[in-house]
Amino acid sequence: MTATEYVSIGLSVISVLIAFGSWFAARASARSARESVGVARESAGVARENLGVARESAGVARESAEAARKSAEMAERLNRETRDTRDVATITACNQRYLDWCSKGVDFDNRDWCYGMWDLHATEFNFFRMGWLPLLMFRFWMNTLGYWYAQPDDDGVWHSHRDYLTTYSGSLTEMYDFFHGIWDIARKNRVDVAARNRKIEDYVEKWVKDKGLPVSGNIEAD
């Protein structure tokens, strides 16, 4: 066998080996591609499952938010109904006490009668300050007090009330200052009832606003 033949045989063997290597590499690449497709399919399945879980979670969150909103609305309604019931009871009690006391006859010369009346006004003031009395009702009561203050009897009504405030409410300077303001308006507007009432109402609303106090009922201080 000549050298040329040996070379030819060698090249043939090499070609076969190269072809076999290429076939094996192609087969490995195909198997890897199939595995990649499988992994991709599994990933897509997991993604779909996660999307479903996310949708379920979003639905639960929406239901929870709706339940929380309804609970808040219910609590607010119950709280409002409780406040309304309390306000009505407070107004009724104060009105009844006022009528009972006035039925004895208005007598600012009677020390015991005055004590009861001024004690009622102190109670009304404290309830109003806590937001337990509607602004409309308290303004009406202060207009009535202004009427008494405005009587031309040498300010005897105010002197009686002032004695009560300094004796029994000496530490509550805020109460004294408030009623002193009502008296000051009344004495300056003895004749013009409409002007006096309007100024007393404005005074009460401004006092509430300046103090930043809670206001009961549907009427708010401007």
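Every number in this text was worked out from the coordinates using simple rules, so none of it is lab data. Computed from a prediction, not measured in an experiment: that's the story for all the values here. A quick note on method: Cβ atoms are made from the backbone with ideal geometry, for glycine too, and the neighbour counts reach across all protein chains shown.
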- Message: With just the Cα atoms defining each centre, how far is segment 115-129 from segment 168-211? Give it in Å.
- Response: 14 Å
- Item | Three-way shape call for segment 104-211 based on the alpha-carbon gyration tensor, with the a/c threshold at 1.5 | oblate
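Count the lysine pairs in segment 104-211 whose Cα atoms sit under 27 Å apart, keeping only pairs 8 or more residues apart in sequence or on different chains.
Working: LYS188/LYS199; LYS188/LYS206; LYS188/LYS209; LYS188/LYS211; LYS199/LYS209; LYS199/LYS211.
Number of lysine pairs found: 6.
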- Only Lys, Arg, Asp and Glu count, each charged at its Cβ (+1, +1, -1, -1), so figure out the dipole size of segment 104-211 about its Cα centre, rounded to 20 debye. 380 debye
- Message: Below 13 angstrom from the Cβ of LYS199, what's the summed charge of the other residues (Lys, Arg +1; Asp, Glu -1)?
- Response: +2
